[in-house]
Ligand SMILES: Cc1cc2nc3c(=O)[nH]c(=O)nc-3n(C[C@H](O)[C@H](O)[C@H](O)COP(=O)(O)O)c2cc1C
């Protein structure tokens, strides 16, 4: 297995990448995942039209810090001209890669003809990719796809070929249809089919939550890189686990003390990077606290308490209480 892959000349460790996740994978989240071994990270999706109209919030989403590199900025849109213009603006932030979202299932995006709606219009999808590639002037452009719109229209190989002929440097494939949203399971056979159909690198995505899942994804699909979304919730160490498994090194899972210390590090970073007050920024950190505590004795009870957190000091106190509960339980 090669140690690195090249996406249009950008070298990325062949371990696992962090998937784009709007409302979750913000800068703090990406930095935590990079620190714990993610090979590559992607921004939350950014509206091509929004950035053309110089929306300030949209611009903040495109910022790439050096610690996050290599990083992709993801755009969504349904018009080739806006996409080309948006790509030119995004280039000012010097991302290593520009990714186009053709997988988002949410009505707000799909109703504008963007996201997974583009899977119903392969010709337009190809035009959008071609426009982005031309505007990117050498910065690699990738396309993120789903299996298809619904189970009767599994057409991702056609879309992947269209992306390749439009000059895309790689495609990422989530093995669910738009209709599935996040239900059911991701079908890795469609990823394997895409790998057979195109020469550009294929990034496999869907339901990978451990090193075992990741190795299976590599083995069963032949994909060039694995991408993880929800499997990294409260678990940035999943990337370290994967890197260890791929290099045959021993991996020791974090103890509850280590988990709580990483949770506090993550929350601290969120608060430091936020322009909001501590209390408002804590609102966004609450769900992460729930995820870090998931899977332990009493975590359901702590969930409600996480959703009441309004300061870092409270998060520290809750973490101590959580650790004490696990120790007590261990001593029983
Ligand atoms: C909360 C959330 C937000 C997401 N936002 C985006 C996004 O902005 N762009 C995108 O291409 N995919 C987005 N996705 C899809 C993920 O990138 C990924 O394809 C999907 O979650 C399947 O991978 P997983 O099973 O590893 O989570 C999002 C998923 C979730 C759960």
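How would 104, 214 line up from fewest to most surrounding beta-carbon atoms within 10 angstrom?
On the way: 104 21, 214 25.
Least crowded to most crowded, the residues run 104, 214.
Kirkwood Rh over alpha-carbon pairs of the stretch 168-318, then Stokes-Einstein at 37 °C and 0.692 mPa s: what D in µm² s⁻¹, rounded to an integer?
Working: Rh = 17.5 Å.
Taking Rh from Cα pairs, D becomes 188 µm²/s.
Compute the separation of the alpha-carbon centres of the stretch 131-165 and the stretch 197-271 and state it in Å as a whole number.
Each part's Cα centre sits 25 Å from the other's.
Give the order of 174, 283 when sorted by the count of other beta carbons within 10 angstrom, beginning with the fewest. Kindly include the intermediate steps, with their values, before the conclusion.
On the way: 174 27, 283 13.
Fewest-to-most ranking of 174, 283: 283, 174.
Calculate how steeply helix 188-197 sits against the longest principal axis of the alpha-carbon atoms of the chain, using the helix alpha-carbon long axis, and give the answer as 0 to 90 degrees to the nearest 10.
So the helix axis and the longest Cα principal axis differ by about 30 degrees.
Multiplying the sequence separation of residue 329 and residue 93 by 0.36 nm and subtracting their Cα-Cα distance, what value in nm do you get? Could the numbers behind the result be given before it?
Numbers: separation 236, 0.36 × 236 = 84.96 nm, distance 4.91 nm.
Extra length from residue 329 to residue 93 when fully extended: 80.0 nm.
Determine which residues of the stretch 164-205 fall in the zone a paramagnetic label at residue 150 would reach in this model, i.e. backbone nitrogen under 13 Å from the point 7 Å along Cα→Cβ.
What the label zone holds, given the 13 Å backbone N cut-off, is 177-181.
How long are the three semi-axes of the equivalent ellipsoid of the stretch 4-246, in whole Å, if each is the root of 5 times an eigenvalue of the C-alpha gyration tensor, listed from largest down?
Working: eigenvalues 113, 90, 54 Å².
For the stretch 4-246, the ellipsoid semi-axes come out as 24, 21, 16 Å.
Given the convex hull over the Cα atoms of the stretch 256-331, what projected area results after averaging over all orientations, in nm²? Can you show the working numbers first?
Numbers: hull surface 17.2 nm².
Taking the Cα atoms of the stretch 256-331, their convex hull projects to 4.3 nm² on average.
Note the angle between two axes, namely the Cα long axis of helix 156-165 and the longest principal axis of the Cα atoms of the chain, as a number of degrees from 0 to 90, rounded to the nearest 10.
60 degrees
Taken together, the values in this text are just the output of simple stated rules run on the coordinates, not laboratory data. Only a predicted model underlies this, so the values are computations on that prediction, with no experimental measurement involved. Ideal geometry is used to build each Cβ from the backbone, glycine not excepted, and the neighbour counts take in all protein chains shown.
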